[in-house]
1. I'd like to verify a number: residues in the stretch 100-112 that are within 13 Å of the chain's Cα centre (by Cα) and exposed (fewer than 15 other Cβ atoms within 10 Å of the Cβ), how many?
2. Within the bounds of the stretch 72-79, is there any residue that is under 17 Å from the mean Cα position of the chain (by Cα) and not in a loop (DSSP other than H, G, I, E, B)?
3. What number of residues within the stretch 144-157 satisfy the criterion of being in contact (Cβ under 8 Å) with a residue 40 or more places away in the chain and either not assigned by TED's automatic domain parsing to the domain that holds K88 or not small (G, A, S) (or both)?
4. For the stretch 56-71, what are the residues that are in a strand (DSSP E or B) and touching a residue at least 12 places away in the same chain (Cβ under 8 Å)?
5. In the stretch 172-185, is there at least one residue being touching a residue at least 60 places away in the same chain (Cβ under 8 Å) and not acidic (D, E)?
6. Is it the case that the stretch 84-103 has a residue that's modelled with pLDDT under 95 and polar (S, T, N, Q)?
7. Residues to consider are A152, A190; find the one that is within 21 Å of A141 (Cβ to Cβ), more than 22 Å from the chain's Cα centre (by Cα) and of a type outside the set (K, R).
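The values are calculated or read from the model by the stated rules, or taken from the named source; none is laboratory data. As the structure is a computational prediction, the values presented were derived from the model and not from experiment. FYI the Cβ positions are ideal-geometry reconstructions off the backbone, even for glycines, and counts take in every protein chain you see.
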Amino acid sequence: MYEGVVQNLIDELGRLPGVGPKGAQRIAFHLLNADPADVLRLADALREVKDKVRFCRICGNVAEDTECRICRDVRRDRAVICVVEESKDVIAVEKTREFRGTYHVLGGAISPIEGVGPEDLRIRELMQRLADGEVTELILATDPNLEGEATATYLARLVKPMNLKVTRLASGLPVGGDLEYADEVTLGRAFEGRRLLDV
């Protein structure tokens with residue numbers, strides 16, 4: 001549609017997750033109209049993140065060193081590992097300020113449709129972490145969708161011989177939601193996970 005470098009920019013922006021053709025075009029023209037110093041700062045930030053950020057050798061979370069800040073934190077409970085699909089899930093759990101253990105980032109979920117099997121995830125590394133017997137509980141915090149459920153079931157079966165306490169995050173109705181808008185699966189999960197109300 002456009003010529004040369006402008007179209008190249010739109011094409012590259014369109015490859016980003018969640019950015020469609022119109023969004024890519026809007027961002028491209030925003031960058032064209034922006035102050036050159038702002039655009040250079042963005043370019044520097046992109047270059048710097050690719051140069052400096054790596055994955056933690058222990059848990060697989062993003063880090064600027066060989067280990068992430070959570071794995072370096074001696075106050076964390078090493079007996080509990082929360083297994084998540086992506087690094088962004090670590091941030092979501094950390095925002096709750098409820099969890100004081102460590103994490104293990106799988107790097108995705110089992111998805112035969114997308115050609116992702118257990119061997120494509122960081123499951124071998126998880127098993128190595130569990131081998132020393134220090135871990136007593138494994139929290140499976142994969143997404144509550146088909147792929148996340150398959151991954152959680154696979155991991156639960158895999159670690160069963162280790163006699164670990166294996167838990168799954170509760171799922172169900174969101175706070176502030178209405179029953180009439182809940183789908184059958186969500187409502188079913190809410191009934192399965194119901195708890196005693198102490199009054």
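1. Of the residues in the stretch 100-112, 0 are within 13 Å of the chain's Cα centre (by Cα) and exposed (fewer than 15 other Cβ atoms within 10 Å of the Cβ).
2. Within the stretch 72-79, none of the residues are under 17 Å from the mean Cα position of the chain (by Cα) and not in a loop (DSSP other than H, G, I, E, B).
3. So the count comes out to 4.
4. Hit for the stretch 56-71 is V62, nothing else.
5. No - not one qualifying residue is present in the stretch 172-185.
6. Looking through the stretch 84-103, at least one residue is modelled with pLDDT under 95 and polar (S, T, N, Q).
7. Values: A152 fails: more than 22 Å from the chain's Cα centre (by Cα).
The unique qualifying residue is A190.
To keep it simple, each residue is scored yes or no on (1) of a type outside the set (V, I, T); (2) assigned by TED's automatic domain parsing to the domain that holds V84.
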position	(1), (2)
R97	yes, yes
R124	yes, yes
T142	no, yes
Y181	yes, no
